[in-house]
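A quick write-up on the structure given underneath.
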Amino acid sequence: MARKYFDEWARGDRDFHRRRRTVTEEDDYEIKSLSYLVQPLPGADEPWDEVGCKAVDKTFVLAVTIGIPSEVMLGVTVSKSEYDNLQMPKPVHVGDVLRVETQVVEMKRSRLRSGTGIITFEHVTKNQGGDVVCQCLHRIELRARPQHDDNANACIALPEFLRRRV
């Protein structure tokens, strides 16, 4: 999907991202290695949960939840403001296929930077069975679409002292 500027979004817009992620044991190992999560969580002495499947660290699930939607914001992100209301109601297991849905819940023009706006997205990650495994609000500042400039396709303007010589 192509990138979208601030003013190309509207409150209530939904994006069902086509990209999916099948979770592997290597994903779990990598996130634990990169984030130094070597201490097992309480009650996680055994890596296999009550269903008999290996549960994946939730840090990875959050990374996928934020990462997949970022492709529509590529090149227009000014700053990633904050995350809020993070919920992870169900575990994710090796072999699960994750998909992310995004909805715009709030929009406002930035008061500090002209030509930008702050959007609050709700990201919802579901597994192959449609169970919600991660949900959060994500406030992010995006650029507005640049205004059309008649000289936008022109070459860089020469300084006055060089134009006289040409």
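Points worth noting:
- In straight-distance terms, cross-link reach from LYS32 covers every one of the lysines whose alpha-carbon lies under 21 Å from its own, apart from those fewer than eight places away in the same chain; here that gives LYS54, LYS58, LYS90.
- In nm, spacing of pseudo-spin labels at SER81 and ASP131 (7 Å Cα→C-beta vector): 3.4
- Computed FRET value (nearest 0.05) for ARG19 with ARG109, which takes r as the C-beta separation and R₀ as 35 Å: 0.75
- Neighbourhood net charge (14 Å Cβ-Cβ; Lys/Arg +1, Asp/Glu -1) for GLY130: +1
- Amide H contacts of SER110 (H built 1.01 Å from N, in plane; Pro and chain starts excluded): THR116, GLY117, ILE118 sit under 5 Å, all sequence-distant by 5 or more or on other chains.
- Between the stretch 1-17 and the stretch 60-108, the C-alpha centres lie 14 angstrom from each other.
- Residues in the stretch 53-74 reached by a label modelled at LYS90 [backbone nitrogen below 19 Å; 7 Å Cα→Cβ]: 53-66
Computed from the coordinates by the stated procedures, all read-outs in this text should not be read as laboratory data. Please read these numbers as outputs of a predicted model, since none were measured by experiment. Note that we place each Cβ from the backbone using ideal geometry, even for glycine, and neighbour counts take in every protein chain shown.
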